[in-house]
Structure formats: C-alpha cells, structure tokens
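Notes follow once the structure below has been shown.
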Amino acid sequence: MTEHIQTLLAGRWRDASGPSYTTEYPHDGSVVAQLHAATVADVDEAVQAAEKARLQPAWAKRMPHERASVLHRIAQGIREQAESLAQLQRLDNGKPIKECRALVASAAGTFQFFAAAAETWEDAVTPARGDFLTLSVHEPLGVVGAITPWNSPIASEAQKMAPALAAGCAIVIKPAEITPRMAVELARIAQQSGVPDGIVSVLPGKGSVVGDALVRHPLVKRIAFTGGTNVGMGIQRLAADKLMPTSLELGGKSPTIVCADADLDHAVAGVIYGIFSSSGESCIAGSRAFVHASVYEAFKSRLLAAVKGLRVADPALETTHMGPLVNRGHRDSVERYVQLGRDEGGRVLCGGARPQGGYYDQGSYYQPTVIEGLPNTARMCREEIFGPVLALLPWSDEADLISQCNDNDYGLASGIWTRDYKAAWRIGRALQTGTVWVNTYKLFSVSTPFGGVKLSGTGREKGRQGILEYTTQKSFYWGMNDAPMPWALS
C-alpha cells in the first residue's frame with residue numbers, strides 16, 4: 001500500500017511544490033510512499049520562515065535549560081514511537097529491523113545527550129590581562145542546513161538536529177531523496193514536543209536542486225553534510241563563497257589490522273561486523289583487512305566459515321544479518337566493483353553474485369563477498385564501494401603496513417586487533433584516520449567526537465563540544481579602570 005507523505009515546511013504540513021515522486025522498498029521493489037519534491041522557492045520559503053521564527057521570543061529568549069526540556073521531550077517522543085519508526089526506516093532503505101531499532105534508540109540518545117549538554121553548558125570568564133574583565137560567550141549561528149544520507153537517516157538527522165536546536169538555531173533538513181521518512185517523522189515529533197513553527201523544516205527532493213539552493217541561500221549560516229566525497233567537495237566550494245562553516249562527513253576506505261597475536265575469534269567477529277553489517281552501506285565499513293602473514297590462512301579459514309553462515313534475507317525477519325542494498329542501481333555499482341576486482345587479478349573466495357530465487361529476484365540483494373590476491377594499489381582497494389565487499393591483504397612488516405593503510409585518499413576510521421596495548425597505541429597513533437577502534441569495531445558513543453581527515457571530511461559531530469559547531473563566539477571586554485584611558489590625555 002502506497003502512503004502519501006506531506007512534509008513540514010515553514011510551519012505548515014503540506015505537499016512541497018515540486019513534482020510528485022515515489023520511493024520503493026528495497027526488499028521487493030514495491031512502491032511504499034508518494035510525495036512531492038521541494039523546489040528552490042520552497043527552500044527560500046523555509047529559510048525565510050526559519051530566520052523569522054528563530055528571532056521570535058518563543059525561541060530566541062528561551063534559556064538553555066528550557067531548550068533542554070524540549071530536547072528531552074523529543075527523546076521521549078522517539079522512544080514512545082520507537083517500533084513504528086524502526087519499521088518505517090526498514091521500508092525506506094531495507095535495513096534489517098534489528099539495525100533499525102538500534103538506530104532509533106541512538107537517535108533518542110542523541111537528543112537526550114544534547115539536552116544535558118545544553119542545560120550544563122558554561123561560558124567562560126577568561127583570565128584577566130589588564131584592568132578589565134574578559135568574558136567569552138557563545139551565540140547561535142542562525143539558520144543552519146542539514147543534508148543527510150540514505151544509509152542511516154534517523155541517526156544522521158538526529159546528530160545534526162539535536163545540537164542545532166540545543167544551540168538555539170533553526171534548521172532546514174534536506175534528507176536523501178529516496179529516504180525522506182525519518183526526517184519528516186523527527187519534524188513531527190519536534191513540533192509535538194514544543195519546537196515553535198518554522199524552526200524545523202524538511203525539504204525532500206534532489207540534492208542538485210534542494211541541496212544546492214540550501215547551500216547557496218544567503219540566510220543559511222552553516223551546512224552539516226553526510227554523504228559522498230564529490231558532493232561534499234562541491235558544498236565546500238559553494239560555502240567558500242560565503243565564508244560559511246561546514247562539517248562534512250564523507251567517504252571512507254577503512255583498514256582493519258589483524259596482528260599476529262590477535263584473538264582470532266574476536267578479530268573474525270569484528271571484521272565481519274565491520275564490513276557486512278548494514279550490508280556494507282556504511283562510510284566506516286572496514287573494507288580492507290590487513291592480516292599478519294603468520295595467521296593469514298587461519299584467519300581466512302575462520303572468516304570464510306563465518307561469512308558463509310550469514311543470513312541474507314528479508315529485513316523484516318528478526319534473524320536477518322544482511323538485507324538488500326538500497327536499490328538496484330546501487331547493487332549494479334557494487335557488482336561492477338567486484339568484476340573490476342576480478343579483472344585486476346583478485347580471487348573471489350565467497351559471494352560475488354546475487355542470491356537467486358523468490359524475493360531475491362525482486363529486490364536488490366547481493367551476497368557478502370570476500371576477495372584476496374589484490375595489491376593495495378588496485379582500484380577496488382582504493383575506492384569506496386559502499387557495499388558488502390571485503391579485500392583481504394597479508395602483511396608482515398609494520399612500517400610497510402602503516403604505509404599501505406595510509407596510502408589512500410580517505411581517512412575516516414580504522415581498526416586494530418591485538419593483545420599488545422603498546423602496539424595498538426603505536427599503530428593507532430600512526431594511522432591517518434579520525435577514529436581508531438582497538439579490539440572492537442563500529443561502536444559509537446554520542447559523547448565522543450566523530451569525523452574524518454583527508455577526503456573523509458572536515459569538522460566533527462557528537463561530543464559535548466558538538467554544540468559549538470552551531471554557535472559563534474563573542475568576546476566581552478569590561479573596563480574596570482577608575483581613571484579615564486590615558487592615551488588622549490598624555
């Protein structure tokens with residue numbers, strides 16, 4: 001059954017002004033939602049309304065602890081609707097239902113965290129350097145834009161919306177064209193929780209239309225973007241014309257390192273989770289596994305046995321490990337990369353094809369795939385596939401290992417499996433990545449900043465300091481001198 005979806009735009013629930021389009025359930029290709037895309041005029045209306053709303057006393061004069069209470073209510077609203085939200089996300093992008101529930105819980109936790117951060121935030125009286133008092137305060141930037149991806153929408157949108165509201169900003173969200181539901185539902189919960197009309201708008205549609213207009217709008221003072229590197233670089237160029245700050249969480253080609261002394265059971269489980277959960281559709285996916293030559297064969301044997309036991313199935317089932325890829329076009333892209341790996345001399349050890357029969361033929365499914373025999377210089381080892389494809393690479397020399405891990409345009413995340421804490425620290429400090437996991441992988445805490453280096457992006461999300469990304473700093477100098485300033489009197 002196809003559901004008609006309206007959006008919250010400039011304080012009103014209505015259809016956007018652009019053409020109608022539909023979204024599909026990746027499991028079987030069925031149409032699940034129909035909605036209208038936003039236009040450039042809609043962007044202007046939403047931004048103008050946001051600028052007006054943020055200056056009204058109902059928001060501008062609301063104290064941090066009062067904003068915090070609103071964020072707490074949003075967190076509670078998410079928890080009260082957790083199961084329905086999880087099921088909607090499953091329909092949006094085909095994630096297994098267990099993953100969807102975890103992402104919904106993460107979104108609620110994000111609002112709770114930034115509520116606490118807002119309520120306890122402290123500005124500073126800075127050390128005196130003369131006969132005056134100095135203070136530093138933070139003020140909201142104004143209207144900010146959030147452009148979010150299709151792979152984990154509710155979590156990505158919460159990571160932008162929560163700190164923006166905590167800081168006192170207004171926010172216009174441009175969700176991925178094919179996964180608009182989570183942003184719409186978060187806007188509904190925000191409105192129900194007491195966020196004034198106009199403070200939150202959601203504009204579905206094409207990034208080339210809506211996203212571009214949002215970035216260019218003169219009243220938008222910041223863009224938070226999660227998505228592809230090429231798009232992020234384009235946003236950065238446009239932002240430069242406005243001297244506008246951005247945070248860009250972009251692509252990755254993350255290495256995971258298995259040392260000679262690693263607990264292989266832990267390492268196998270962690271490497272599999274790192275690349276095959278979310279069907280590999282994750283910017284932090286551990287897609288390059290560097291395994292020490294002394295344990296390479298033993299690790300490979302255990303890995304392949306475990307991968308062959310993964311259940312690729314209907315995402316509605318509680319037992320599913322991997323659901324479909326987000327759509328057929330993306331599956332075709334993954335297939336092309338696997339064929340490229342074969343052409344470059346790689347050996348497919350498992351997977352490397354679509355599963356056959358029943359709903360597999362209707363949906364956009366692909367098997368978990370492991371390839372060996374490729375050098376780190378191969379395209380398949382250098383470019384982001386964003387799918388369930390793992391390259392196995394042996395190593396023996398630590399200096400060469402670090403060189404190979406860092407020899408990539410991306411620098412988002414990495415993993416190390418070892419019992420030697422000194423080696424973990426030494427290697428981890430040498431890796432050019434924004435996050436290093438040691439004896440675990442793909443675990444997150446909203447209290448810990450996240451972001452990348454090199455072409456994996458700029459800026460950081462999460463962490464208590466995440467509110468600062470949505471503020472501008474103002475300094476006060478307060479004269480304490482009894483006598484007039486002497487310059488004109490001497």
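Structure above, values below:
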{"item": "Scope the stretch 1-31; condition surrounded by fewer than 20 Cβ atoms within 10 Å (Cβ to Cβ), aliphatic (A, V, I, L, M) and not in a loop (DSSP other than H, G, I, E, B); matching residues", "result": "VAL31"}
{"item": "Scope the stretch 358-375; condition touching a Gly at 6+ places or on another chain (Cβ under 9 Å), of a type outside the set (A, V, I, L, M, F, W, C) and on the phi < 0 side of the Ramachandran plot; matching residues", "result": "GLN362, GLY363, SER364, TYR365, TYR366, GLN367, PRO368, THR369, GLU372, PRO375"}
{"item": "Output for the stretch 135-156, where each listed residue is outside any loop (DSSP other than H, G, I, E, B) and either within 15 Å of LEU203 (Cβ to Cβ) or polar (S, T, N, Q) (or both)", "result": "SER136, VAL143, VAL144, GLY145, ALA146, ILE147, PRO153, SER156"}
{"item": "GLN34 over 21 Å from GLY198 (Cα atoms) and assigned to a helix (DSSP H, G or I)", "result": "no"}
{"item": "Among (1) in contact with a Pro (Cβ under 9 Å, 6 or more places away or on another chain); (2) buried (at least 24 other Cβ atoms within 10 Å of the Cβ); (3) of a type in the set (A, V, I, L, M, F, W, C), the one test that ALA162 misses", "result": "(1)"}
{"item": "Residue check for PHE450: aromatic (Phe, Trp, Tyr), more than 30 Å from ALA240 (Cα to Cα) and under 17 Å from the mean Cα position of the chain (by Cα)", "result": "no"}
{"item": "Subset of the stretch 431-458 [surrounded by fewer than 19 Cβ atoms within 10 Å (Cβ to Cβ) and either without any contact (Cβ under 8 Å) to a residue 24 or more places away in the chain or outside any strand (DSSP E or B) (or both)]", "result": "GLN432, VAL436, VAL438, ASN439, THR440, LEU443, PHE444, SER445, SER447, THR448, PRO449"}
{"item": "Among the residues listed as GLU45, GLU51, the single one being more than 15 Å from ARG188 (Cα to Cα) and touching a Ser or Thr at 6+ places or on another chain (Cβ under 9 Å)", "result": "GLU45"}
{"item": "Given (1) out of contact with any Leu (no Cβ under 7 Å at 6 or more places or on another chain); (2) surrounded by fewer than 21 Cβ atoms within 10 Å (Cβ to Cβ), number of the condition PRO388 does not satisfy", "result": "(2)"}
{"item": "Flag if ALA413 is farther than 30 Å from ALA107 by Cα, hydrophobic (A, V, I, L, M, F, W, C) and touching a residue at least 40 places away in the same chain (Cβ under 8 Å)", "result": "no"}
{"item": "Among (1) touching a strand residue (DSSP E or B) at 6+ places or on another chain (Cβ under 6 Å); (2) not in a helix (DSSP H, G or I), the one test that GLY341 misses", "result": "(2)"}
{"item": "Looking only at the stretch 327-356, and only at residues there that are among the basic types (Lys, Arg) and closer than 18 Å to GLU383 by Cβ, the one that is surrounded by the fewest Cβ atoms within 10 Å (Cβ to Cβ)", "result": "ARG336"}
{"item": "Test: residue in the stretch 359-366 that is surrounded by 17 or more Cβ atoms within 10 Å (Cβ to Cβ) and part of a strand (DSSP E or B)", "result": "no"}
{"item": "Out of GLY341, GLY351, GLY346, sole residue that is in contact (Cβ under 8 Å) with a residue 12 or more places away in the chain and more than 15 Å from ARG288 (Cβ to Cβ)", "result": "GLY351"}
{"item": "Hey, VAL137 within 25 Å of GLU83 (Cα to Cα), surrounded by fewer than 24 Cβ atoms within 10 Å (Cβ to Cβ) and modelled with pLDDT of 95 or more or not", "result": "no"}
{"item": "Failed item, numbered, when ASN408 is tested on (1) in a loop (DSSP other than H, G, I, E, B); (2) of a type outside the set (A, V, I, L, M); (3) at pLDDT below 95", "result": "(3)"}
{"item": "Elements of type helices (runs of 4 or more DSSP H) in the stretch 209-318, at least 1 residues being surrounded by 22 or more Cβ atoms within 10 Å (Cβ to Cβ) and outside the structural domain of PRO149 (by TED's automatic domain parsing)", "result": "264-276, 296-308"}
{"item": "Flag for ALA176 being in a helix (DSSP H, G or I), in the same structural domain as ILE467 (by TED's automatic domain parsing), modelled with pLDDT of 95 or more and among the aliphatic types (A, V, I, L, M)", "result": "no"}
{"item": "LEU401 vs. criteria touching a residue at least 60 places away in the same chain (Cβ under 8 Å), closer than 30 Å to GLU24 by Cα, not assigned by TED's automatic domain parsing to the domain that holds SER156 and not in a loop (DSSP other than H, G, I, E, B)", "result": "no"}
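The values are calculated or read from the model by the stated rules, or taken from the named source; none is laboratory data. Not measured: the values here are computed from a predicted model. No Cβ is skipped: glycine too gets one built from the backbone with ideal geometry, and neighbour counts run over all protein chains shown.
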